[in-house]
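Accompanying notes for the structure given below.
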Amino acid sequence: MAVLAWLLIPFLAAIGAGLWGTWVGRNRKTSGDGTELAGYTRFREAMEKSHTDA
């Protein structure tokens, strides 16, 4: 019976690794870079305004 317990440990570890790999490899919906690019554009325009004012 002790042998079965020792074999159960790697078996459970393999199942856990498979579940973790599935979770990490899933496809996530991405909203795109639209909001980040818009924020960068506003930042760049603000920096250009402050640079021309000085």
From highest to lowest solvent-accessible area (probe 1.4 Å; ligands, DNA and RNA excluded), 35, 41 read 35, 41
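Given a 1.4 Å probe, how much area per residue of the chain is accessible, in Å²?
That works out to 100 Å² per residue.
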re the chain: pairs of Cα atoms spaced beyond 18 Å account for a percent value of 67 percent
Magnitude of the Cβ-charge dipole (Lys and Arg +1, Asp and Glu -1) of the chain about the Cα centre, nearest 20 debye, reported as 260 debye
A 1.4 Å probe over the protein heavy atoms gives the chain a carbon and sulfur accessible-area percentage of 67 percent
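The values are calculated or read from the model by the stated rules, or taken from the named source; none is laboratory data. All values reported here derive from a predicted model rather than from experimental measurement. Positions of Cβ are backbone-derived with ideal geometry, glycine not excepted, and every protein chain shown enters the neighbour counts. In case anyone asks, the SASA skips ligands and DNA or RNA and just uses the protein heavy atoms, side chains included. Shrake-Rupley method; radii C 1.70, N 1.55, O 1.52, S 1.80 Å.
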